[in-house]
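The values are calculated or read from the model by the stated rules, or taken from the named source; none is laboratory data. Quick caveat, the model's predicted, so the values are computed rather than measured. Glycine also receives a Cβ, built like all others from the backbone with ideal geometry; neighbour counts cover every protein chain displayed.
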Amino acid sequence: MDQAAPAYHLPNKMGRILLMALEEIIGDIGVTAILNQAKLSSLIGNYPAASTNQQFSFTDSSAIQLALEQIYGSRGGRGVALRSGRVCFKYGLREFGFEPGSNHNEFRLAPIDTKINTGAQILANLFNQYMDQGVTIESTPDKLVWKIERCPVCWGRHTDSPACHLIVGILQEGLYWISGGKFYNVEEISCIARNDPACTIVIDKHVLE
């Protein structure tokens with residue numbers, strides 16, 4: 001971890017959601033092990049408050065992701081991060097009020113491409129409003145490209161391959177929710193931890209069979 005990196009933060013409630021999602025996947029004993037490994041034992045049984053105060057540092061969220069890989073291995077840590085990302089989205093629906101108008105006929109009857117583009121933009125706006133990430137999206141008829149300027153998942157890390165599995169999981173669940181239960185291929189193709197200029201996640205708009 002690069003301890004000289006500038007300080008960026010997530011809102012406390014996002015840190016809380018992250019830990020609650022992990023607890024749902026690996027249990028409280030697993031979370032205790034992760035927090036000890038990440039040198040964040042002060043959070044054991046003491047999750048951040050459900051507030052929008054930006055006090056949960058990128059350094060801490062990245063350390064938790066690193067600890068997953070250290071304890072469960074690269075493949076196992078990736079799986080836990082993906083699954084916890086999906087749970088994070090479900091909790092985030094309630095906590096952050098992500099609502100792309102799905103109760104309105106105009107949205108419900110819109111083409112799926114419009115739903116994906118609209119939902120992704122609203123989610124990106126929420127990330128940019130509450131977190132220090134700097135998310136931009138680009139859309140083509142076949143793909144949607146999600147770019148992160150500053151990433152809380154791989155912050156300060158150095159890896160050989162893309163490492164932002166938690167965010168991939170969040171986007172997977174978001175697409176599943178927006179589309180009414182369909183699955184899409186979501187792949188990270190570049191990562192700041194790998195010395196790429198941005199963390200770039202590509203969503204294929206074609207439904208997986």
Inset, instruction - Considering (1) within 16 Å of residue 22 (Cα to Cα); (2) surrounded by fewer than 19 Cβ atoms within 10 Å (Cβ to Cβ); (3) in contact with a Ser or Thr (Cβ under 9 Å, 6 or more places away or on another chain); (4) not charged (D, E, K, R), say which one residue 68 fails and leave the rest. - result: (2)
Inset, instruction - Please determine, by comparing only the residues of segment 87-115 that are of a type in the set (Gly, Ala, Ser) and under 18 Å from residue 13 (Cα atoms), which one is modelled with the highest pLDDT. - result: 92
Inset, instruction - Determine whether residue 55 is surrounded by fewer than 16 Cβ atoms within 10 Å (Cβ to Cβ), of a type outside the set (Gly, Ala, Ser) and at pLDDT below 95. - result: yes
Legend entry - Evaluation of residue 10 against (1) more than 21 Å from residue 171 (Cα to Cα); (2) not in a helix (DSSP H, G or I); (3) not basic (Lys, Arg) (one fails), failing number: (1)
Inset, instruction - Could you list all residues from segment 73-95 that are out of contact with any helix residue (DSSP H, G or I) (no Cβ under 6 Å at 6 or more places or on another chain) and hydroxyl-bearing (Ser, Thr, Tyr)? - result: 74
Inset, instruction - Name every residue in segment 187-209 that is more than 17 Å from residue 139 (Cβ to Cβ) and in contact with a Ser or Thr (Cβ under 9 Å, 6 or more places away or on another chain), in order of residue number. - result: 188, 190, 191, 193, 194, 196, 197, 199
Inset, instruction - Go through (1) under 19 Å from residue 92 (Cα atoms); (2) part of a helix (DSSP H, G or I) and name the single condition residue 48 misses. - result: (2)
Legend entry - Which numbered condition residue 174 fails, given (1) buried (at least 16 other Cβ atoms within 10 Å of the Cβ); (2) modelled with pLDDT of 95 or more: (2)
Inset, instruction - Output the residues belonging to segment 106-149 that are without any contact (Cβ under 8 Å) to a residue 24 or more places away in the chain, assigned to a helix (DSSP H, G or I) and in contact with a strand residue (DSSP E or B) (Cβ under 8 Å, 6 or more places away or on another chain). - result: 121, 124, 127, 128
Legend entry - Every pair of residues 6+ apart whose Cβ atoms lie under 6 Å, when the first sits in segment 191-209 and is assigned to a helix (DSSP H, G or I) while the second is surrounded by fewer than 18 Cβ atoms within 10 Å (Cβ to Cβ) and among the hydroxyl-bearing types (Ser, Thr, Tyr): 193/159; 194/159
Inset, instruction - Output the number of residues of segment 14-55 satisfying the condition of being of a type in the set (Ser, Thr, Tyr) and either under 14 Å from residue 80 (Cβ atoms) or free of Cβ contacts under 8 Å to residues at least 12 places away in the same chain (or both). - result: 2
Legend entry - Subset of segment 151-178 [among the hydrophobic types (A, V, I, L, M, F, W, C) and assigned to a loop (DSSP other than H, G, I, E, B)]: 151, 153, 154, 155, 163, 164
Inset, instruction - Just name the residue that is surrounded by the most Cβ atoms within 10 Å (Cβ to Cβ) out of those in segment 138-161 that are over 21 Å from residue 9 (Cα atoms) and of a type outside the set (S, T, N, Q). - result: 144
